[in-house]
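Undergrad: Dumping the structure here so I can ask a few things about it.
Where a number appears in this text, it was derived from the coordinates with a stated rule and is not lab data. All of these numbers come straight from a predicted model, not from anything done at the bench. In this analysis, Cβ positions are derived from the backbone assuming ideal geometry, glycine residues included, and neighbour counts consider all displayed protein chains.
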Amino acid sequence: MSFRENLGQSESSGNYAAKNSEGYTGKYQFGAARLADFMKANGQQFSMAEFQSNTRLQEEVQAWHEGDILDFVSSSGLDKYFGKSVGGVSITPGSVLGMAHLGGKTGMKKFIESGGSYDPADSNGTRDATPLGNVAVPRGFGASSKTSPLSRRGLPGAGAIDQYSTPGGIDGLYKR
C-alpha cells in the first residue's frame, strides 16, 4: 500500500466524506488553516463543504501538501538528516511527510533539530513524528497507542517507503 493510501486509511478509513469532532475533513483530514494555506498558494477558493464533497480537490490538496512539506525540508536544510535516525525514527522523505502531517512543518523541524526531545502529542495523544507504517520505534514518535479518532487502526507508516501514489514516487516531489 502506498504512503497516500496508508495515510487515507489511517485518517478516515479512506472516506472522502469524513469529518471528525475537531473539524478536520476529508480522506486525509485537513483543517481550515491548512486549506487556507493551499487556497492562498494556488489562488483558489472553496468552502469546507465543497472540499469535503470533491474527491479530486482532496487529492490535489494532498499532493500540494506533500510537495510543500518536502520543499520546506529542502529549504530548511533538513534533508541533511535523510538516512539518519533521530529519536528512534529513521528520517526519510516519507517519515518527514508523516511528521509534518500530524504536527505541522514547525513541529517536524523541532523534533528533528532537537534530536527527538521535542515530542508533543496532539489531542488524540498521537505524537507529531509518529512514522507512518509498521516501523517499531522505541519511544516518543510512535509510542502512542492512540490513533485517528475515525479509524482506530493505527497510523500507517512511511519510514522506509520509497514509492507511493505520486508519479515518480516520493523522491519525485523532493526538490534537490
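Undergrad: Give the long-range amide H neighbours of VAL86: residues separated by 5 or more places, or on another chain, with amide H under 5 Å away, using H modelled in the peptide plane at 1.01 Å from N.
TA: ILE91
Undergrad: Calculate, in nm to one decimal, what MET48 and SER75 gain on full extension: separation in residues at 0.36 nm each, minus their alpha carbon distance.
TA: Working: separation 27, 0.36 × 27 = 9.72 nm, distance 3.01 nm.
Here the segment from MET48 to SER75 would lengthen by 6.7 nm.
Undergrad: Further question: Say each of GLU60 and SER117 gets a label point 7 Å from the Cα, pointing the same way as Cα to Cβ; how far apart are those two points in nm?
TA: With each label placed 7 Å out from Cα toward Cβ, I get 4.4 nm.
Undergrad: Over 21 Å between Cα atoms: which of LYS19/LYS40; LYS19/LYS110; LYS40/LYS105 fall into that group?
TA: Working: LYS19/LYS40 23 Å; LYS19/LYS110 29 Å; LYS40/LYS105 17 Å.
Where the Cα-Cα span goes over 21 Å, the pairs concerned are LYS19/LYS40; LYS19/LYS110.
Undergrad: Tell me, what is the FRET efficiency for MET1 and ALA32 to the nearest 0.05, using R0 = 22 angstrom and their Cβ-Cβ distance as r? Each step should come with its number before you reach the end.
TA: On the way: r = 29 Å, r/R0 = 1.30.
Rounded to the nearest 0.05, the efficiency is 0.15.
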